[in-house]
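Student: Provided herewith is a single structure, encoded as structure tokens, for subsequent inquiry.
The values are calculated or read from the model by the stated rules, or taken from the named source; none is laboratory data. Computed from a prediction, not measured in an experiment: that's the story for all the values here. No Cβ is skipped: glycine too gets one built from the backbone with ideal geometry, and neighbour counts run over all protein chains shown.
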Amino acid sequence: MSEMRNLITDVPGVRVGHAGGQKLGSGTTVIIFDHPVAASVDVRGGGPGTRETALLDPAQTVEGVDAIVLSGGSAFGLDAASGTQAYLRETGRGFRVREAQVPIVPAAILFDLLSGGDKNWGRYPPYREFGYDAATTASNDEFALGSVGAGLGATTVNLKGGIGSASARTSSGHIVGALAAVNAAGSVTVGNSPHFWAAPFEQGDEFGGRGVSPAFGPDAFEMRTKGAPGQNTTLAVIATDAKLSKAQCKRLAVMAQTGMARAIYPVHTPLDGDIVFAAATGFKELGDKDLENPIYDLTELGMVAANVLARAIARGVYEARPLNFPAALASWMDCHGH
């Protein structure tokens, strides 16, 4: 049994790459699958920005996706999927229709246009090149967390946001991993304390080891949000080595959304574009010979996916570092680090 690194790349067949610009204050994260995988999506936020998510409906024809792209840049960031698509086409990947070949690359974006940085990029934004560069560097090894890729310009209401990831095994031996780009309207910590809402699910000291807040005063539950409609989003990808159908991936995405509710307060608001993709690389069957186990296994996958996503969100904020811009939002480590 392979050693776990607490990353989505613990799932066999999953690679991750980042690209971005420090001066720009924005970037792209790409999740590439070694072969086309079953996938679906669940959208809960009131202001999503997406590409190719309609084909992830279980009723639609295409059964496999080649990659998923998460990007900053708001609607401009949707160009990142074209760069990843170009890379995949160069490597012979894609859905074939006779001699034509079309890589299937769903994408989602977050709003970071007001987080600082020089957004005067000229006629065309740089996200298509970010998508290509992130794809070329994607690997199944360890990758950076925090203020990288799609998390470079991400923020929450009180702290710098970023890229987080986590993984776990189910009792049946399936691996579940999550990657989140945290740019939430709400807070990932309890008020201004160092304690994360996701503290009960922490493994070891993966986001500070502070445990549950010792005192949830009345002000802890006051609503605090940032920005305006369309300016906030948490994007997440859940991956598993289980063999799932598109319909089962849809259920996995729905159950995994619970992890956002465990880690962000408030969540799924009209101000957010919260999205969870779920993908199954198909290395391990559900249930083996016991006919009752497939449903049990899928239920456990969803339960673990929600916990893993909550941890990934907290890690995204814990690992973030402030951008070098005037009035840049402070990071958790700035405020509460050891």
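Student: Among the residues of region 181-210, which ones are assigned to a loop (DSSP other than H, G, I, E, B) and touching a helix residue (DSSP H, G or I) at 6+ places or on another chain (Cβ under 7 Å)? Don't jump to the end; show me each part of the working.
Tutor: If we filter region 181-210 for residues that are assigned to a loop (DSSP other than H, G, I, E, B), which is where we start, we get 184-186, 188, 190-195, 197-198, 202-210.
Listed by number, the residues that qualify are Val188, Val190, Gly191, Pro194, Trp197, Ala198, Glu202, Gln203, Glu206, Phe207, Gly208, Arg210.
Student: Can you tell me which residue among Phe143, Phe111 is under 18 Å from Ile31 (Cβ atoms) and among the aromatic types (Phe, Trp, Tyr)? Walk me through it before giving the result.
Tutor: Working: Phe111 fails: under 18 Å from Ile31 (Cβ atoms).
Result: Phe143 is the single residue among Phe143, Phe111 that is under 18 Å from Ile31 (Cβ atoms) and among the aromatic types (Phe, Trp, Tyr).
Student: Restricting to region 87-116, and then to whatever is assigned to a loop (DSSP other than H, G, I, E, B) and in contact with a Pro (Cβ under 8 Å, 6 or more places away or on another chain), can you tell me which residue is surrounded by the fewest Cβ atoms within 10 Å (Cβ to Cβ)?
Tutor: Taking region 87-116 first, the residues assigned to a loop (DSSP other than H, G, I, E, B) are 91-94, 98-99, 103-106, 110-116.
With in contact with a Pro (Cβ under 8 Å, 6 or more places away or on another chain) added as a condition, the list becomes 93-94, 104, 116.
Values: Arg93: 21, Gly94: 17, Ile104: 23, Gly116: 20.
Residue satisfying both the conditions and the ranking: Gly94.
Student: Moving on to the next point. Restrict the check to region 315-337 and report whether at least one residue is under 21 Å from Thr50 (Cα atoms) and either part of a loop (DSSP other than H, G, I, E, B) or of a type outside the set (S, T, N, Q) (or both).
Tutor: Looking only at region 315-337, we keep the residues that are under 21 Å from Thr50 (Cα atoms), and these are none.
Within region 315-337, not a single residue is under 21 Å from Thr50 (Cα atoms) and either part of a loop (DSSP other than H, G, I, E, B) or of a type outside the set (S, T, N, Q) (or both).
Student: While we're looking at this one, here's another question. For region 288-314: of the residues being among the acidic types (Asp, Glu) and in a helix (DSSP H, G or I), which is modelled with the highest pLDDT? First the steps, then the outcome.
Tutor: Within region 288-314, the first condition is being among the acidic types (Asp, Glu), and the residues that meet it are 288, 290, 292, 297, 300.
The next check asks that each one be in a helix (DSSP H, G or I); those that pass are 297, 300.
Details: Asp297: 90, Glu300: 94.
Here the answer is Glu300.
Student: Out of the residues in region 299-337 that are surrounded by fewer than 20 Cβ atoms within 10 Å (Cβ to Cβ), under 24 Å from Gly173 (Cα atoms) and of a type outside the set (Ser, Thr, Tyr), state the one that is nearest to the chain's Cα centre (by Cα).
Tutor: Ranking the qualifying residues of region 299-337, first place goes to Met303.
Student: While we're looking at this one, here's another question. Name the residues in region 128-161 that are among the polar types (S, T, N, Q) and under 17 Å from the mean Cα position of the chain (by Cα), would you?
Tutor: Residues of region 128-161 among the polar types (S, T, N, Q): 136-137, 139-140, 147, 155-156, 158.
Ser139, Asn140, Ser147, Thr155, Thr156 - these are the residues of region 128-161 that are among the polar types (S, T, N, Q) and under 17 Å from the mean Cα position of the chain (by Cα).
Student: Taking interchain pairs and intrachain pairs at least six residues apart, which have beta carbon atoms under 6 angstrom, with the first residue in region 237-250 and of a type in the set (A, V, I, L, M) and the second surrounded by fewer than 21 Cβ atoms within 10 Å (Cβ to Cβ) and assigned to a strand (DSSP E or B)?
Tutor: Listed by first residue and then by second, the contacts come to Ala242/Lys284.
Student: Please verify whether Val43 is more than 30 Å from Asn324 (Cβ to Cβ), surrounded by 23 or more Cβ atoms within 10 Å (Cβ to Cβ) and touching a residue at least 60 places away in the same chain (Cβ under 8 Å), treating the condition exactly as stated. Show your work before the answer.
Tutor: Details: more than 30 Å from Asn324 (Cβ to Cβ): yes; surrounded by 23 or more Cβ atoms within 10 Å (Cβ to Cβ): no; touching a residue at least 60 places away in the same chain (Cβ under 8 Å): yes.
So Val43 fails the test.
Student: Here are some conditions: (1) part of a loop (DSSP other than H, G, I, E, B); (2) surrounded by 19 or more Cβ atoms within 10 Å (Cβ to Cβ). Asn120 meets all but one. Which one does it not meet?
Tutor: (2)
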